[in-house]
Amino acid sequence: GLQNTYWPMVIAITGALLNVIFDFAFVYGIDGFIPAMYLDGAAYASLLAQSIMAIMAFYLLWTKTDISLKLRLPIHPELGRLVVMSLNLFVRAIALNTALILAVREATALGDKYIGAHTIAINLWLFSAFFIDGFGAAGNIMGGRLLGEKNYDALWLLAKKITKYGLVVSVVIMAFAGIFYKPLGALFSNESLVLSAFYAIFYIIILGLPINTIAFVLDGVFKGLGEMKYLRNTLLAATFLGFVPMLFLGKYLNWGLMGIWLAFTVWMFIRGAALVWKFRNKFKPLLQNQ
């Protein structure tokens, strides 16, 4: 919101590096100093890394900005709108996690090799999402400022530009994933049954990357524009009118893991298409009037 992505990057990199270090120290232990805690150790590593990140965030906010951390009256007039926006995002998060949890449930029901393959697939899917999400974050930051300025021409160009950049990156990732189709799976597992199940559906994830890009980039832009209600409704529709019916259709037709990932593709297509439609219908007339 302060148009500063440098300090959040420093905080995130510090937290990630510390998490890795703490994982090795707490999960496996350090002989003579720290006993091996395994799963508990991973939890403590995350907790400690997140705590350090929180302290860094408060310290930098206090020392590097003019923002006061003191509570004072009167209450800011935008606080009510902020609470409503947060509640809309909370409902949206429930819909999002419903899709992810149902996918895991159905993959688990298929058997051990399928949940293993699904775990590899979802990790690569999330990696590509986070990789592209930087353009969405930039759109979030810059889009809100341009909307406040009522600079619709620049806002339209911003959305086009970051979508184009995101699509270029997605094509590069697609090429990389196609070239290293089998080595990428082998990074996660050496079980031949798991890998064969994963290779049978990995192409769906690769082909869906451009669709995901449009959804992720415009999702970030819409957050910056304060369109939380529309984001909530889009996720609810995509989940309960797209993902869930497709998931159970795939189950009925015995499509196995392929049915789960086709459901994800439908889910992302609805999300992306709805955001494109809304952005064009809301801002193209404003652009023409300007």
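The values are calculated or read from the model by the stated rules, or taken from the named source; none is laboratory data. Because the structure is a prediction, the values reported are computed rather than measured. Note that we place each Cβ from the backbone using ideal geometry, even for glycine, and neighbour counts take in every protein chain shown.
Considering only the stretch 122-132, how many residues are closer than 25 Å to G1 by Cβ and crowded, with 19+ Cβ neighbours inside 10 Å?
Counting residues in the stretch 122-132 that are closer than 25 Å to G1 by Cβ and crowded, with 19+ Cβ neighbours inside 10 Å gives 1.
How many of the residues making up the stretch 142-195 are closer than 14 Å to P210 by Cβ and among the polar types (S, T, N, Q)?
Selection size over the stretch 142-195: 2.
Residue by residue through the stretch 1-22, note down the ones that are part of a helix (DSSP H, G or I), under 23 Å from the mean Cα position of the chain (by Cα) and either not assigned by TED's automatic domain parsing to the domain that holds L60 or not β-branched (V, I, T) (or both). Even if it seems obvious, please write down each step before you answer.
Here is the first cut: in the stretch 1-22, the residues part of a helix (DSSP H, G or I) are 6-22.
With under 23 Å from the mean Cα position of the chain (by Cα) added as a condition, the list becomes 6-20.
Y6, W7, P8, M9, A12, G15, A16, L17, L18, N19 - these are the residues of the stretch 1-22 that are part of a helix (DSSP H, G or I), under 23 Å from the mean Cα position of the chain (by Cα) and either not assigned by TED's automatic domain parsing to the domain that holds L60 or not β-branched (V, I, T) (or both).
Could we say that I141 is loosely packed, with under 13 Cβ neighbours inside 10 Å, in contact with a helix residue (DSSP H, G or I) (Cβ under 8 Å, 6 or more places away or on another chain) and at pLDDT below 95 here?
Numbers: loosely packed, with under 13 Cβ neighbours inside 10 Å: no; in contact with a helix residue (DSSP H, G or I) (Cβ under 8 Å, 6 or more places away or on another chain): yes; at pLDDT below 95: yes.
In short, no.
Show the residue pairs meeting these rules: Cβ distance below 9 Å; 6+ apart or different chains; first residue within the stretch 79-95 and without any contact (Cβ under 8 Å) to a residue 12 or more places away in the chain; second residue charged (D, E, K, R) and assigned to a helix (DSSP H, G or I).
L87/R232; F90/R232
What are the pairs with Cβ atoms under 8 angstrom where one residue, in the stretch 156-170, is in the same structural domain as W277 (by TED's automatic domain parsing) and assigned to a helix (DSSP H, G or I) and the other, located anywhere, is charged (D, E, K, R) and surrounded by fewer than 21 Cβ atoms within 10 Å (Cβ to Cβ)? Sequence gap at least six, or different chains.
As it stands, the answer is W156/K284, since those pairs meet every condition given.
Within the stretch 228-258, which residues are closer than 19 Å to N212 by Cα and without any contact (Cβ under 8 Å) to a residue 24 or more places away in the chain?
Result: N233, M246.
Here are some residues: G256, G224. Which one is more than 30 Å from R145 (Cβ to Cβ) and not hydrophobic (A, V, I, L, M, F, W, C)?
After ruling out the rest, the residue left standing is G256.
Looking at (1) more than 23 Å from L100 (Cβ to Cβ); (2) at pLDDT 95 or above, which is the only condition A237 fails?
Here A237 clears every test but (1).
Loosely packed, with under 12 Cβ neighbours inside 10 Å, among the aliphatic types (A, V, I, L, M) and not assigned by TED's automatic domain parsing to the domain that holds M246: does that describe L48? Lay out the reasoning, then the answer.
Numbers: loosely packed, with under 12 Cβ neighbours inside 10 Å: no; among the aliphatic types (A, V, I, L, M): yes; not assigned by TED's automatic domain parsing to the domain that holds M246: yes.
Here the answer is no, as L48 does not meet what is asked.
Residues being closer than 22 Å to R280 by Cα and surrounded by 15 or more Cβ atoms within 10 Å (Cβ to Cβ): count how many of those fall in the stretch 162-174. Break it down into steps so the answer makes sense when it comes.
Start the filter on the stretch 162-174 by keeping residues that are closer than 22 Å to R280 by Cα, which leaves 162-168.
Keeping just the survivors that are surrounded by 15 or more Cβ atoms within 10 Å (Cβ to Cβ) gives 162-163, 165-167.
Total satisfying the criteria: 5.
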